[in-house]
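Reviewing the structure listed below.
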Amino acid sequence: MDGETIRRMGSRGVSRRGFLKMGGLAGAVVLGGGLMAGCGGAESSGGAVEITLGFIPDEAGGLQTLLDRFNEQNRGEIRVNWRQMPASSAEFFEQMQAELQSGRSTMDIIGGDVVWPAQFAANGYILDLSDRFTQKMQQNYLEGPIQAVQYEGKTYGVPWFTDAGMFYYRTDLLEKSGFSEPPKTWDEMKDMSEKVQAESGTKFGFVFQGAQDEGGVVDALEHIWNAGGDVLDGNRVIIDSPESAEGLALRRSLITDGVAPQASGDYTTQESQASFTNGDVVFMRNWPFVHALLSDPETSRVEPSQVDIGALPVAGEGDTSFSGLGGWNFMVNADAEDKIEEIWAFIEFMSAPEQQQTFAIESARLPTLKSLYEDDEVLNKLPVARLGQEALTNTRPRPVSPVYSDMSLEMAEEFNAALKGEVSVDEALATLQGGLQDIADQA
């Protein structure tokens, strides 16, 4: 107990909330094990402590189910209110950053994108949770989401749900052409595409995200990683390497070799998905949400039974396949430290297997707890959790940097220009090497 806590106690004795701040909650709750009835704090007036969670809309309703469950269990002690933020991650980030800079944000808990922790932590906007979210607790989670909440050796968030780039393929078309497995390398994919297209009349071999946006950045990073390259080594930029060049050159060849559409440089997730679900494509790189669309005959001419998901191809034999990490974490506004016990009680509740299972089933959000990938109900009701396990267990976060948003803009421009052939791959990488290092140095 610190001196300031003792001073505040004075001769008033210890209130329930003061007791919680001294660690009384520590034995009541174990992360992943649920929330004991009656825990949480109340103001000295006896009213419930109000907590505000900021998160995007959730039309499926899973989040509201969990909020109602928590608020009922903690009636009169803690009440969590959901402040709906813009559905666009970029718009949410801009609004959140402006509020945190002003020091007048009403947000206590931020349900935020995996690329935000380092940016917010470097500016002191969010709390270090290392002492609460311990190394032992972290072992229960997928590795990629844990990496995304680390910054300079400290932990600034708790993984909530995850996402990953996935390699979809038409099993029915491959089987008709004599293939029993998906390709392991990009060259194998090209050969298979040519044969399947010729024999089935399918319009395209492969579609992906090449647009000048964040989706295009993640797609290009996967090609760089899967050829053995990277962007950062600490604060040192290392993107201009033979491995990165191999990855981006291969990405460009998907268009020049006629495997992917000429318009791929403008394809977002939506254009890629529409081509695949319309039956015009053999292979596709996209996110897990696409699989759910296959079950709706109004949105897809392709049935779930005709599709499987594998690891993204690599540049050559022996390379490791990595998928770009997506997803969202819980972060705590530094200005809400006086409510940290009540906030932590909510985060622990949401992180328990029961709540992650509910969110996975009701809102189709992939869990971050390893154990739920052996949960029959999750695997049956959210098939992509079963089909995409290889991708989900081999994710990599985008460059962890307090200036990632600026770096992303630079990468989006140069990756897109190289893909469209407006500049050579070597020119794009040389430009990025200098530009990204300048951004990192200024930070």
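In percent, what relative contact order does the chain have, based on Cα pairs under 8 Å that are 6 or more apart in sequence? Don't skip to the end; give the middle numbers.
Values: 811 pairs, mean separation 106.6, N = 443.
Taking the mean separation of contacting Cα pairs over the length of the chain, I get 24 percent.
When Lys and Arg each count +1 and Asp and Glu each count -1, what net charge do the other residues less than 14 Å away from residue 442, Cβ to Cβ, add up to?
On the way: positive: none; negative: 406, 410, 438, 441.
My count for the surroundings of residue 442 gives -4.
Enumerate the lysines that residue 420 could reach by cross-link, defined here as Cα to Cα under 20 Å, with residues fewer than 8 away along the same chain left out.
Within reach: 190.
Any chance you could get the radius of gyration and Dmax over the Cα atoms of segment 154-220, in Å?
16.5, 54
Using only the alpha carbons of the chain, determine the length spanned along each of the three principal axes and report them from longest to shortest in whole angstroms.
Principal extents (largest minus smallest coordinate, Cα): 83, 48, 35 Å.
Find how many whole Å separate the alpha carbon centroid of segment 338-402 from the alpha carbon centroid of segment 217-235.
25
Taking every DSSP beta bridge that has both residues in the chain, what percent is antiparallel when rounded to the nearest 5? Show your work: numbers first, answer last.
Values: 28 of 43 bridges.
Percentage antiparallel, nearest 5: 65.
For a label point 7 angstrom out from the Cα of residue 64 toward its Cβ, which stretches of segment 107-123 have the backbone nitrogen within less than 20 Å?
111
Identify which of 116, 225, 82 has the largest mean-square fluctuation in a Gaussian network model of the chain, with springs joining Cα atoms closer than 10 Å.
Evaluated over the chain, the most mobile residue of the options is 82.
Count the net charge of all other residues whose Cβ sits under 15 Å from the Cβ of residue 122, scoring Lys and Arg as +1 and Asp and Glu as -1. List each step's numbers first, then the result.
Working: positive: 154; negative: 128, 152, 406, 441.
Taking every other residue near residue 122 into account, the sum is -3.
For segment 340-443, state which GluC sites (Glu not before Pro) are in a DSSP loop and have at most 15 other beta carbons lying within 10 Å of their beta carbon.
422
Given the rule -39500 (n - 2.57) for each run of at least 4 DSSP H residues, summed and divided by the residues of the chain, what is its mean residue ellipticity at 222 nm, to the nearest 500 deg cm²/dmol? Walk me through the intermediate numbers first.
Working: 20 runs with 188 residues, N = 443.
Using -39500 (n - 2.57) per qualifying helix, the result is -12000 deg cm²/dmol.
Just want the ordering: 110, 146, from fewest to most Cβ atoms lying within 10 Å of their own Cβ.
Values: 110 29, 146 22.
Lowest count first: 146, 110.
What percentages, rounded to whole numbers, describe P(r) for segment 57-104 computed over all alpha carbon pairs with 10 Å bin width beginning at zero?
Spelled out bin by bin, segment 57-104 gives 23, 36, 33, 9 percent.
Which residue, 206, 289, 349, has the most motion in a Gaussian network model of the chain that connects Cα atoms within less than 10 Å?
289
With +1 on each Lys and Arg Cβ and -1 on each Asp and Glu Cβ, how big is the dipole of the chain about its Cα centre, in debye rounded to the nearest 20? Please list the in-between numbers first.
Numbers: 33 positive and 68 negative charges, 308 e Å.
Magnitude of the dipole: close to 1480 debye.
For residue 83 and residue 389, FRET efficiency with R0 = 25 Å and r from the beta-carbon atoms, rounded to 0.05?
Values: r = 34 Å, r/R0 = 1.35.
Efficiency, rounded to the nearest 0.05: 0.15.
Give the peptides 49-60, 259-270 in descending order of average Cβ contacts within 10 Å, highest first. Could the numbers behind the result be given before it?
Values: 49-60: 17.4, 259-270: 19.1.
Descending packing order for the listed peptides: 259-270, 49-60.
With 25 Å as the limit, write out which pairs from 195/381; 154/184; 154/339; 176/381 have Cα-Cα distances beyond it, or answer none. Don't skip to the end; give the middle numbers.
On the way: 195/381 34 Å; 154/184 36 Å; 154/339 21 Å; 176/381 29 Å.
Those over the limit are 195/381; 154/184; 176/381.
If I model segment 286-443 as equal point scatterers sitting on the Cα atoms and use the Debye formula, what is log10 I(q)/I(0) at q = 0.11, 0.19 Å⁻¹?
The Cα Debye sum returns log10 ratios of -0.70, -1.21.
Sort 67-75, 277-285, 214-222 by the packing proxy (mean of other Cβ within 10 Å over each peptide's residues), most packed first. Don't skip to the answer; put the middle values down first.
On the way: 67-75: 15.9, 277-285: 21.6, 214-222: 25.1.
Averaged packing, sorted descending, gives the order 214-222, 277-285, 67-75.
What dipole magnitude, in Debye to the nearest 20, does segment 391-435 give about its Cα centre under +1 on Lys/Arg Cβ and -1 on Asp/Glu Cβ?
On the way: 3 positive and 7 negative charges, 65 e Å.
Dipole magnitude for segment 391-435 comes out near 300 debye.
What do you get for the angle between helix 62-73 and the principal long axis of the chain? Use alpha-carbon atoms, 0 to 90 degrees, nearest ten.
So the inclination is approximately 20 degrees.
Coordinate-derived values only; no laboratory data. The structure presented is a predicted model; accordingly, all values stated were derived computationally and were not measured. Heads up, the Cβs are rebuilt from the backbone with ideal geometry, glycines too, and the neighbour counts pull from every protein chain shown.
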